[in-house]
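Here the structure comes first, spelled out in structure tokens, and everything after it is commentary.
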Amino acid sequence: EKGTYPHYMLKEIDEQPFVMRRIIQKYQDENGQLTIDPQIIQEVLNADRLYIIACGTSYHAGLVGKQLIEKWAKIPVEVHVASEFSYNMPLLSEKPLFIYISQSGETADSRAVLVQTNKLGYKAITITNVPGSTLSREADYTLLLHAGPEIAVASTKAYTAQIAVLAILAVTTAKAKGIELDFDLVKELAITANVMEMLCDAKEEMEKIAREYLAATRNCFFIGRAVDYYVCLEGALKLKEISYIQAEGFAGGELKHGTIALIEDGTPVIALATQEHVNLNIRGNVKEVVARGANPCIISMRGLETDEDRFVIPAVHPMLTPLVSVVPLQLIAYYAALHRGCDVDKPRNLAKSVTVE
Ligand code: M6R
């Protein structure tokens with residue numbers, strides 16, 4: 001039920017802080033330690049490489065998950081779009097382990113790959129919001145998102161839930177390998193939940209940004225570097241699927257290799273700047289597009305901000321920024337769609353779960 005909310009999407013965006021806290025709870029043992037089924041951890045430890053398979057928003061969460069697992073658990077990870085993987089399987093490592101990420105657990109493209117890897121005898125984990133879903137039943141193991149039903153076609157709370165569960169998997173694997181991490185994920189996730197809440201309270205500002213930058217535009221670019229780039233892909237997908245504005249996410253440094261030709265006077269460019277080690281680089285990329293007439297909207301993180309920034313997100317752990325930086329982008333997409341009179345919860349040509357290949 002959407003209660004007093006005008007749309008499921010807005011309700012689901014707002015639920016994200018609660019989902020974060022629920023995930024922490026569900027994955028804690030009686031001593032408050034984050035824990036994952038030891039059999040799953042054993043499978044991860046047995047593998048020499050993880051293959052994440054997913055579509056759409058779940059694929060974007062997988063990209064963030066790769067960073068978390070590689071940086072914290074030191075296991076190589078490949079992330080593949082399911083529909084490509086199934087017809088163009090890459091050369092696999094000796095001991096692969098497959099992780100299927102799917103909110104619905106019913107996505108046919110992902111299932112097609114699972115059928116193949118099952119036939120090849122490889123172990124599989126499904127990360128899903130729906131217990132008993134096809135992908136959950138057909139994989140060896142399931143990790144649940146505990147996000148509650150997601151009704152809006154545009155996925156929001158499932159994305160952040162997927163990243164949180166992948167973070168927990170990364171940290172528990174690191175621990176099992178004896179890798180010392182200098183932070184407490186329970187604490188860091190609790191901080192992100194609080195920051196998410198503050199961002200959900202910034203709706204008026206997000207509405208203003210949507211009105212100012214997107215009310216009349218036909219296209220929009222999202223640029224970022226490192227993990228911000230992955231969030232840009234998600235921000236662009238959100239915007240295009242519900243507002244029908246042509247939107248693309250780009251790695252900040254890649255724009256000048258072609259796409260910058262599309263920048264005209266007033267083209268909105270939303271830039272994420274949450275990563276210290278590439279902060280100067282992304283700001284340089286913003287200057288490049290501004291010199292071609294772009295209308296920049298920089299969303300940065302506290303501690304990295306400058307006077308030119310449009311919105312500053314309170315600081316969270318640098319590896320967990322996608323959990324918070326995506327929230328403004330979800331809200332901007334929501335308001336852009338609203339301003340343009342689009343059917344936010346049921347955009348044209350799309351279904352909530354894509355059960356055909
Ligand atoms: O249920 P799944 O996570 O497998 O769905 C995958 C995609 O179809 C889904 O994320 C889609 O991209 C959303 N409409 C994005 O908002």
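Throughout, read-outs are computed from the coordinates displayed, never taken from laboratory work. Please read all numbers here as calculations on a predicted model, not as lab measurements. No Cβ is skipped: glycine too gets one built from the backbone with ideal geometry, and neighbour counts run over all protein chains shown.
The figures follow:
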read-out: Antiparallel %, DSSP beta bridges [both residues in the stretch 1-157], to 5; value: 5 percent
read-out: Highest average packing first - 95-104, 299-308, Cβ atoms within 10 Å; value: 95-104, 299-308
read-out: Square roots of 5 times each gyration tensor eigenvalue, C-alpha, the stretch 1-134, largest first, Å; value: 27, 20, 13
read-out: Most mobile listed residue (Thr134, Thr259, Thr274) in the chain, GNM with C-alpha springs under 10 Å; value: Thr259
read-out: For the stretch 225-286, alpha-carbon Rg over 2.2 N^0.38 Å; value: 1.11
read-out: Pair-distance profile P(r), taking every C-alpha pair of the stretch 304-349, with 10 angstrom steps and integer %; value: 22, 38, 27, 13, 0
read-out: Of the GluC sites (Glu not before Pro) in the stretch 188-290, those whose Cβ has at most 15 other Cβ within 10 Å and which sit in DSSP loop; value: Glu264
read-out: Long-range tail of P(r) for the stretch 231-357 (Cα pairs > 25 Å, %); value: 29 percent
read-out: Ala261-Tyr87 FRET efficiency (beta carbon distance; Förster radius 45 Å; 0.05 resolution); value: 0.90
read-out: Pair Tyr5, Ala112: separation of 7 Å Cα→Cβ label points (nm); value: 3.2 nm
read-out: Debye equation applied to the C-alpha atoms of the stretch 159-302, log10 I(q)/I(0) at 0.16 Å⁻¹; value: -0.93
read-out: Estimated inter-spin distance, Asn31 and Val354, nm [label 7 Å along Cα→Cβ]; value: 4.4 nm
read-out: Ile127 long-range amide H proximity, modeled H, under 5 Å; value: Tyr100, Ile101, Ser102, Leu143
read-out: Cα pair distances of the stretch 127-225 binned at 10 Å [whole percent]; value: 12, 28, 33, 21, 6, 0
read-out: Qualifying GluC sites (Glu not before Pro) for the stretch 4-42 [loop in DSSP, other Cβ within 10 Å: at most 15]; value: Glu30
read-out: Of all DSSP beta bridges in the chain, antiparallel share, percent nearest 5; value: 5 percent
read-out: Sorted by Cβ neighbour density within 10 Å, fewest at the top, the residues Met89, Met9, Met319; value: Met89, Met319, Met9
read-out: Calculated diffusion of the chain, Stokes-Einstein form, Kirkwood radius summed over Cα pairs, 37 °C and 0.692 mPa s, µm²/s; value: 160 µm²/s
